[in-house]
1. Hey, among 75, 64, which residue is modelled with pLDDT of 95 or more, closer than 14 Å to residue 27 by Cα and crowded, with 16+ Cβ neighbours inside 10 Å?
2. From 59, 49, which residue is part of a strand (DSSP E or B), under 12 Å from residue 105 (Cβ atoms) and either at pLDDT 95 or above or of a type outside the set (A, V, I, L, M) (or both)?
3. If you check 111, 71, 89, which single one turns out to be part of a strand (DSSP E or B) and touching a Lys or Arg at 6+ places or on another chain (Cβ under 9 Å)?
Amino acid sequence: MNRRFLAEASAVVIIAATLAGCAPVAETGSVVVEVRAMAPGSQGTSHHVDVLGPDGGLVESREVSVGSTVTIENVPYGWVSIAAPKVCTVEGELGAEAPVMRLTIDAAHCTISN
């Protein structure tokens, strides 16, 4: 075999091996919001909830009804805020170690976990 062929074949093998080891890593997580109950005297049967990404930009806005749970996907990793203006605003960090953040609204109480 000639040297040029060996050099080209080696380059192809090195590139292929490099690309095979570079599988994409997820850089987004999920926020789960559950509304169990409204506070006594509250108007309506749902909460407006905004999820803000690490840059402070709105990721998604939802109405979450009592007795329901919603999952918001593709939330960028980093410090995330979940705002339910009538009840609470909470922050937490999404990342590879904790890719899901959960907010539970039960009457006038909010619990965040991941």
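The values are calculated or read from the model by the stated rules, or taken from the named source; none is laboratory data. Because the structure is a prediction, the values reported are computed rather than measured. Glycine also receives a Cβ, built like all others from the backbone with ideal geometry; neighbour counts cover every protein chain displayed.
1. Within the list 75, 64, the selection yields 75.
2. 49
3. The conditions single out 111.
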